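One structure is given below, encoded as structure tokens.
The values are calculated or read from the model by the stated rules, or taken from the named source; none is laboratory data. Note that this is a predicted model, so its numbers are computed, not measured. So basically every Cβ, Gly included, is an ideal-geometry build from the backbone, and we count neighbours across all protein chains shown.
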Amino acid sequence: MTKPPEAPDFLAMFPYVFVKEVPEELHPVRKIMYRISLLDATKLLKTLTFQAPQALMPKYKACIKKQMNTGILNRTSVPGEASMFVEAKPDGRIRPLVDFVFRNDNTQANHTKIPEQNTILNAVSSGRFRTKIDLSDTYLQTRVHPDDVKNNTIKTPFGRFTSQVRMQGDMNTLGPVVRPMADLFHDELGKNIWV
């Protein structure tokens, strides 16, 4: 009788991915960054200003302060910012969202296809071990290319900012998540990891 193969030690193989605590800092620049490709760079954003529920204002302000302290947000005078607003999550945290409707209309679409679900399900169903990675903070972990930060501006009740990371509300959401993960895990794709 042959001994079944042991599961790879992914925690040891990818210590920069599987961290004990999510670092409260601006994530490093990686080989693959998020691009904002505007169709017409002369068009400024035109968005309404949203009011945040008064009960969420302390958490909203703390969120902005934390992102400023980590270098994610920087005060700016760049015109054409989009409105940020927040909604409550079931666990008591807040979800910062941005009204990028106008910018999305002026952005080159990124046609990244969703991963092939049947292939993933078939592979996982025959495996001894399976898990999934929680990508709940993926927006704050995806750096914007330095040339495009000027197009990633927001207005809040606490000031106007440029953001060094992707924000929730952008139309091109799948590609910036799939491509860096495929790059990070390239040696294990199709063997032990599917993206």
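Quick notes on this one:
- Members of segment 137-174 found to be at pLDDT 90 or above and of a type in the set (Asp, Glu), listed by number: ASP147, ASP148
- Exactly one residue out of GLY92, GLY71 is under 16 Å from the mean Cα position of the chain (by Cα) and among the small types (Gly, Ala, Ser), and it is GLY71.
- Matching option when the condition is among the aliphatic types (A, V, I, L, M), assigned to a loop (DSSP other than H, G, I, E, B) and within 26 Å of ARG30 (Cβ to Cβ), among MET171, MET181: MET171
- In the set (1) in a helix (DSSP H, G or I); (2) touching a strand residue (DSSP E or B) at 6+ places or on another chain (Cβ under 7 Å), the condition left unmet by PHE50 is number (1).
- For segment 54-146, the strands (runs of 3 or more DSSP E) that sit wholly inside it and include 2 or more residues that are of a type outside the set (Gly, Ala, Ser), more than 25 Å from LEU11 (Cα to Cα) and touching a helix residue (DSSP H, G or I) at 6+ places or on another chain (Cβ under 7 Å) are 94-98.
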